[in-house]
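Input: one structure, supplied below.
Quick note: the coordinates plus some simple rules give every number you see, no bench work behind them. As the structure is a computational prediction, the values presented were derived from the model and not from experiment. As a convention, Cβ positions derive from the backbone with ideal geometry for all residues, glycine included, and neighbour counts pool all protein chains shown.
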Amino acid sequence: MARALYIHWPFCAKKCPYCDFNSHVRAAVDHAAWRDALLADMRAEAAVAGGAALRSIFFGGGTPSLMPPALVEALLAEAERLWGFSEGIEITLEANPSSVEAASFAALAGAGINRVSLGVQSLEDETLRWLGRLHGADEALAALEVAQAQFARVSFDLIYALPGQSPREWEAQLARALGFGTSHLSLYQLTIEPGTRFATDVRRGVFAPLDDDAAAELYDLTQAMTEAAGLPAYETSNHARPGAESRHNLTYWRYEDYAGIGPGAHGRRGGFATVRHRKPENYLAAVAERGHGIAEQRALPLAEQAAEALLMGLRLTEGVDLAALAGRFAMRRADLVDEGALARLRGLGLVWTAGERIGVAPPGRGVLDALLGEIVADGLVAA
């Protein structure tokens, strides 16, 4: 039964270098048609993933902060009718920190949004231009100020471990970010993904990524500064005051069921993985024809589910309960983890154990991916 709902809005305000949905830029959007389609898709999903009140709703995608507030309000009203809302439900909107989007924050708060996540990425204009962002630092900070005035909870993200970035430079920027007083920060190291402009530039020698030792130093600095500021890491890249963790993202990391509607949205329910049609026109056609936008629904083998649960859960500082996972997936502890590797890594101070619960210790978080490859039993299917 889904306890979380993800709503994907596919449209962007303009073509931009950082959006996966560039093909979804439209001069005009038929909001009435999209309202009807999203509501129908939501009803179809609730029919098979209902039964428990929602703890969180997340609006993500292209530029969801440019959705008409009336549409947001209609979707929330229907979600509450279909599932019911838990007390204190978290309703998050993903937004770019532009003046255009900030102008809608008051109306969106009135429609029911109570948390916003801003894609700031940097407090420096030069870095923002290099990253391909369309906003400037001053505009981002103005949007952040508006967000803090309108929403009960605010988070924003920054990217660090940039080429040539020194500890002093990152320390100054992070100190400034912490000074804004938000209850949540997402702090990501720059990664070079295959097929991206950055990957092409690295191959051509335009720039060299920060080396691993330098990136590790910045990671350790990040942990120390956020801990001292009262926003300790609760996940590899996410920091929050106690009680201000993202409830929606915790659903993913704790491998709990969630419903996903809208073009390209993914979901997990009852051992099945769902994917909606990605292209808006195909999504609308599917909803009109079948009453839902699902393009693929696949039963996940228990071993694959267990692997996903381990890989997600070990990102959390709380770790995972192996006994609970073994019971959930009808497996033995030895089927889940490599006991020899676990003992060796514990001896090195890279992981910890407490009864049936295991987790990655602070010295191991900077090399998490390598540790996961050793801890997870060979028999499990990687996600």
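Which ³J(HN,Hα) values in Hz, rounded to whole numbers, follow from the phi angles of segment 336-349 under the Karplus curve 6.51 cos²θ - 1.76 cosθ + 1.60, where θ = phi - 60° and Gly and Pro get x?
Per-residue couplings from phi come out as 9, 10, 8, 4, x, 5, 4, 5, 5, 5, 5, x, 7, x Hz.
If you place +1 on the Cβ of every Lys and Arg, -1 on the Cβ of every Asp and Glu, and leave all else neutral, what size is the dipole of segment 4-253 about its Cα centre, to the nearest 20 Debye?
Numbers: 18 positive and 31 negative charges, 120 e Å.
For segment 4-253, the charge dipole is close to 580 debye.
Let me ask something additional. To the nearest 20 debye, what is the magnitude of the charge dipole of segment 302-375 about its Cα centre, counting +1 on the Cβ of each Lys and Arg and -1 on the Cβ of each Asp and Glu? Please report the intermediate quantities before stating the final value.
Working: 8 positive and 10 negative charges, 41 e Å.
With only Lys, Arg, Asp and Glu charged at Cβ, the dipole is about 200 debye.
Through the Karplus equation 6.51 cos²θ - 1.76 cosθ + 1.60, θ set to phi - 60°, convert the phi angles of segment 187-192 into ³J(HN,Hα) values in whole Hz; use x for Gly and Pro.
So the Karplus estimates, Gly and Pro as x, are 10, 10, 6, 4, 10, 9 Hz.
If I take every Cα pair under 8 Å that is 6 or more residues apart in the chain, average their sequence separation and divide by the length, what percent do I get for the relative contact order? Please report the intermediate quantities before stating the final value.
Values: 674 pairs, mean separation 58.1, N = 383.
Taking the mean separation of contacting Cα pairs over the length of the chain, I get 15 percent.
5 Å is the cut-off here: which amide hydrogens, built 1.01 Å from N in the peptide plane, fall below it relative to GLU235, excluding neighbours closer than 5 in sequence?
THR317
Could you pull out every residue, at least 5 positions away or on a different chain, whose amide H is within less than 5 Å of the one on GLY262? Hs are placed 1.01 Å off N in the peptide plane, and Pro or chain starts have none.
Counting only residues 5 or more places away or on other chains, the set is HIS8.
Counting other C-beta atoms within 10 Å, and keeping those with at most 12, which DSSP coil trypsin sites (Lys or Arg not before Pro) do you find in segment 280-340?
Working: sites: ARG290, ARG298, ARG315, ARG328, ARG332, ARG333; in loops: ARG315, ARG332.
Hits after loop and neighbour filter: ARG332.
Please go through segment 233-268 and write out the trypsin sites (Lys or Arg not before Pro) that DSSP classes as loop and that have at most 14 other C-beta atoms within 10 Å.
Filter output for segment 233-268: ARG254.
Give the relative contact order (percent, whole number) for segment 199-243; include only Cα pairs under 8 Å separated by 6+ residues.
18 percent
While we're here: Please list 3J(HN,Hα) in residue order for segment 235-250, calculated via the Karplus relation 6.51 cos²θ - 1.76 cosθ + 1.60 where θ = phi - 60°; whole Hz, with x for glycine and proline.
In residue order, the calculated couplings are 8, 3, 10, 10, 10, 7, 5, x, x, 9, 4, 6, 5, 5, 5, 4 Hz.
Along the charge dipole of the chain, which of LEU284, GLY262, GLY366 sits closest to the positive end, that is, farthest toward it, with unit charges on the beta carbon of Lys, Arg, Asp and Glu (+1, +1, -1, -1)?
LEU284
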